[in-house]
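The block underneath contains the structure these notes are about, expressed in C-alpha cells.
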Amino acid sequence: MVYDILSSHEVSRPLRDGQERVLILSDTGCRPGWIPDFRVLADKLRRSPKVDFENIAAVIFNGDTVFTGSERNYRRARRVIEQEFPGVHRLFNIGNHELGIPWPGRMRETVDRRVQRYQKFFHSPLNWRKVIGGVQYIGLDSSHKRLAPGTLEYLDESLSMHPSNVVLIHIPPMLRPQWRGRTLFSSDTLGFLQILDRHPGRVIACTYGHIHCNDRLVRNGVVHQLAGTGGAMSMVRSHSHYGEASGSYAAILIDPGMRGAQRVSLITSHAQRPRAKAKAKEAANVRIAVSMGV
C-alpha cells in the first residue's frame, strides 16, 4: 500500500510490477512566476525515457512547494501539481516557505496556525515514513533550520525498521563549506550523521533542497544529493563546487533497480522557454527605463 498524502486516504490500487522509481523535487513553488517553468520541467520528466514515467511510483515534493504559505499559494500549488502529475502518488515534506519563513507578513500568525494550514492542504505529518517499491522514504522536518526534539530518535527508529532507505530533509546538514549559512545547525548535522553511521548499508541516499543549486557527494557509501532547483533556477557560485550550469532546473530520480550510486540520478532541464526569457528581459528593461525616468 502507498499512502497518498494529497488525498489523505490509503490508496487501494497496488503498484504494478516495475513501479518502483520515485521522483523528488524541491523548492518547486518558492518564487513568484514558478508555474510556467515547472510545467516545462514536468513535461520533460513525463517524456524522458530515463524517467520512464509510466513506471514512476510516486512524486515527492521535498519542501518549499509554496512561496509565502498563504491559502492562495497552497490552492494554486496543489492545483498545478494535480494537473502536471495526474494519477501518480504525491507526497510532501515540509520546508521553511510552508511556514511563511522568512516572510514578515506571515509572522503575525502563530507557528501552530501555519502548521495547520500546511496539514490542511497536504495532509502530511511533520515527520513521516512510507515504503514505496521496496524502499522506505523518511521525511524529516527541518523548517526552522534545526531538527525538532525527537526527530533524530524517529530517524534512528525508522532506519531500524527497513533495510533500504532514502532520507528527505529540506534544509541540508553542513556537509560542504560552500553551503555554510544555509544549512542545519552544527549540532543537528553532527547528530544526523551519527545516526546514519549507526546504520551502515541501510541508507541509499539523503536528498536535500533549500540551496538553489545542484550538488552531490558520497560519504561512507551514502549518496548525499542536493537539488534545490525543482522550480527555483540554479544559482551557481562555483562550477567546481556545484557541478551544474546556472539556469538549470532538476529533479532527483531514485531507481532501486540500479546498483550503487547509480540508483540516484539527477534529471536536469533548462526549463524556461525562450519566449518567456524574452518577456522577462523586456520587463527588466522597462523597469530600468522607469527607474531612470526615461
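The values are calculated or read from the model by the stated rules, or taken from the named source; none is laboratory data. These numbers were taken from a predicted model, which means no experiment stands behind them. Heads up, the Cβs are rebuilt from the backbone with ideal geometry, glycines too, and the neighbour counts pull from every protein chain shown.
A few points about this structure:
- Residues that are more than 19 Å from F61 (Cα to Cα) and of a type in the set (S, T, N, Q) were ranked within the stretch 160-182; the one that is surrounded by the fewest Cβ atoms within 10 Å (Cβ to Cβ) is S160.
- Pairs where the first residue, in the stretch 226-239, is part of a loop (DSSP other than H, G, I, E, B) and the second is polar (S, T, N, Q) and at pLDDT below 65, C-beta under 7 Å, 6+ apart: S234/S246; M235/S246; V236/S246
- Contacts under 8 angstrom Cβ, first residue in the stretch 33-50 being over 16 Å from V80 (Cα atoms), partner hydrophobic (A, V, I, L, M, F, W, C), 6 or more apart: R47/F53; S48/I267; K50/L253; K50/I267
- Every listed requirement among (1) under 18 Å from the mean Cα position of the chain (by Cα); (2) farther than 30 Å from R39 by Cα; (3) modelled with pLDDT of 95 or more; (4) not aromatic (F, W, Y) is met by L184 save one, (3).
- Restricting the stretch 126-167 to residues that are farther than 26 Å from V111 by Cα and assigned to a loop (DSSP other than H, G, I, E, B), the residue that is modelled with the lowest pLDDT: G133
- Taking each residue of the stretch 65-88 that is surrounded by fewer than 16 Cβ atoms within 10 Å (Cβ to Cβ) and looking for partners that are modelled with pLDDT of 90 or more and part of a helix (DSSP H, G or I) with beta-carbon atoms closer than 7 Å, six or more apart or interchain, yields E71/R117.
- Condition met for V203 (closer than 24 Å to S160 by Cβ, surrounded by 15 or more Cβ atoms within 10 Å (Cβ to Cβ) and β-branched (V, I, T)): yes
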